[in-house]
Amino acid sequence: MPDESKTLDPAVRPAAATATPSGTTATATPSGATATAGDSPVPARAHRWTLGLVTVGLVLAALNLRPAITSLGALLEEVSEGLHMSGSVAGVLTSVPPLCFAVFGITAPRLARRFGPVAVVCAGMAAIFSGLLLRPFASGTAGFLAASALALMGIAVSNVLMPVIVKRYFPDRVGSMTGLYSMALALGTSVAAAATVPMTEALGGDWRIGLGVWAAVAALAVLPWIPLLRDRSDAGRPAERAAANASAPGTSAPGTAPSAATRAPATGTGSAAPAEAAAPPRVTRSRTAWALGCFFGLQATGAYITMGWMPQIFRDAGVPASTAGVLLAVTMVMGVPLAFVIPRLATRMRNQGPIVVALGLCGLGGYTGLFLAPAAGAWAWALLLGVSNCAFPLALTMIGMRSRTGAGVVRLSAFAQSVGYLISIPGPLLVGVLYQHSGGWGLPIALMGGLMVPQMIVGTLAGRDRTVEDEC
């Protein structure tokens with residue numbers, strides 16, 4: 001197995017000593033786990049069956065963090081017709097995921113401090129199951145939106161707390177376990193996009209059944225966490241609270257990267273660096289922080305527009321519904337290999353601007369193809385947009401590189417992702433409005449392609465070799 005310290009960026013490597021958000025000094029254990037002085041990590045006393053159960057729980061949870069979104073995208077036309085939605089209302093529906101992630105993700109650290117991350121993730125899986133089960137029975141748009149919001153609430157808190165669970169039970173395997181659930185997340189995203197339409201047709205063609213089937217998968221994800229609720233090891237409580245405190249709102253979007261606390265840059269001194277003891281930077285005064293927040297928001301806008309509308313674009317161009325779902329799956333699955341390659345490449349460069357521009361040009365190429373020949377080159381456009389959507393792991397990597405201290409990374413992560421998710425909310429809605437009033441996809445696709453230009457500009461600014469401390 002390769003050395004994980006070489007596969008993660010420098011900001012991911014644990015520091016010899018860092019400061020916790022509360023200001024107390026935290027030391028890194030030989031295994032790489034960060035805990036406050038005197039803490040004992042849970043894995044030291046955890047049984048093998050517990051760790052195995054946690055592994056199964058992580059994989060099943062990750063598999064369920066995106067089907068609620070991509071399964072709906074594959075059947076958006078049938079759902080819109082069945083519930084008599086206008087294009088504008090359908091746009092609202094595709095804007096709900098980032099709104100829920102921004103609103104409910106904020107509550108995850110506080111809930112984890114009070115009830116423990118395991119209990120909150122278990123409740124999150126139960127919320128996903130309940131929302132997906134209730135959604136097909138909705139008789140109107142309001143009920144459908146409410147059930148969708150319930151499922152997305154569970155996804156939001158689980159997104160944030162997955163890294164906390166990994167840190168608690170696998171302090172010496174943070175990289176490999178994060179990679180495991182990241183691949184499971186991408187797999188769940190792709191399978192839901194590709195299989196929903198064929199499965200719906202095989203079950204009689206009713207979109208309600210096609211969406212409801214995913215509730216059964218979500219029910220399986222609840223089961224491993226129930227016996228883990230009895231794991232009340234006192235040895236892990238202080239470390240667990242520290243991890244929960246360090247998990248800033250929205251630090252894991254769509255659930256694919258370690259929390260900000262795990263990205264604290266290494267000092268290499270064996271003692272707390274003076275900068276760590278200083279007050280955290282006021283990131284709102286940093287141009288780099290604002291550029292990073294805008295970059296995060298614009299790439300998230302593209303991702304949610306893709307998940308919500310791309311199958312419909314292909315279907316309106318004459319591509320069969322089942323093929324349109326597979327094309328979305330191809331776009332989503334590109335994130336599996338590139339999520340490992342791009343962060344490693346980014347950390348070897350002083351300036352990440354060239355990567356930002358390369359990804360942006362792929363997006364421009366994909367949208368240009370959709371505008372000119374959506375059906376003829378569908379597979380090529382899906383691949384290009386899949387590469388472009390991998391700006392997400394790049395954004396997370398840059399968050400870890402743009403601050404010198406652990407406390408700075410936490411604040412920068414919370415700021416950039418909160419601002420980013422808020423920026424991303426209007427995008428899918430605007431696409432729906434333009435589609436309805438223009439009567440075609442020309443204007444919406446032009447908007448999508450046009451957004452790549454400011455994304456490249458702010459991404460280049462965010463990728464410059466500087467830290468927020470330099471600007472505060």
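Residues whose amide H lies under 5 Å from that of R404, counting only those 5 or more places away or on a different chain, are V468, E469; hydrogens are built 1.01 Å from N in the peptide plane. Here the Karplus curve 6.51 cos²θ - 1.76 cosθ + 1.60, taken at θ = phi - 60°, turns the phi angles of region 317-328 into couplings of 8, x, 6, x, 4, 5, 5, 4, x, 5, 4, 5 Hz, with x standing for Gly and Pro. Simple spin-label estimate for L51 and L361 gives 4.6 nm between the two label positions (7 Å along the Cα-to-Cβ direction from each Cα).
The P(r) of region 67-121 has a tail past 17 Å containing 52 percent of all C-alpha pairs. Per-residue Karplus couplings for region 288-296, computed as 6.51 cos²θ - 1.76 cosθ + 1.60 with θ equal to phi - 60°, are listed in order as 5, 4, 5, 4, 5, x, 5, 4, 4 Hz, Gly and Pro entered as x. Residues in region 436-441 carry Karplus couplings, in order, of 5, 8, 8, x, x, 9 Hz; the curve used is 6.51 cos²θ - 1.76 cosθ + 1.60 with θ = phi - 60°, and Gly or Pro positions show x.
In a fully extended conformation the segment linking V453 and L229 would gain 75.9 nm over its present Cα-Cα distance, using 0.36 nm per residue.
With the convex hull drawn around the C-alpha atoms of region 44-156, the volume per residue stands at 102 Å³.
Over 20 Å, how big is the tail of the calculated P(r) for region 309-439, in percent of all Cα pairs? Looking at region 309-439, the distances longer than 20 Å represent 55 percent of pairs. Ranking of C362, C390 by solvent-accessible surface, largest first: C362, C390 (1.4 Å probe, protein heavy atoms only, all chains present). Using C-alpha pairs below 8 Å separated by at least 6 residues, the relative contact order for region 340-472 is 40 percent. The share of alpha-carbon pairs in region 91-209 lying farther apart than 19 Å comes to 57%.
The value obtained for region 368-472, namely the Cα convex hull volume divided by the number of residues, is 105 Å³ per residue. Note on R344 and T107: the model spin-label points, each 7 Å out from Cα along the C-beta direction, lie 4.0 nm apart.
With one equal scatterer per alpha carbon and no solvent term, the Debye-computed log10 I(q)/I(0) for region 180-227 at 0.16 1/Å reads -0.54.
Note on Y435: accessible area is roughly 60 Å² with a 1.4 Å probe, heavy atoms of protein only.
The values are calculated or read from the model by the stated rules, or taken from the named source; none is laboratory data. If you're wondering where the values come from, they're calculated on a predicted model, not measured in any experiment. Because the Cβ atoms are built from the backbone with ideal geometry, glycine has one as well, and the counts that use them run over all protein chains shown. When the accessible area is computed, the model is the full protein with side chains, heavy atoms only, and any ligands, DNA or RNA have been set aside. Shrake-Rupley method; radii C 1.70, N 1.55, O 1.52, S 1.80 Å.
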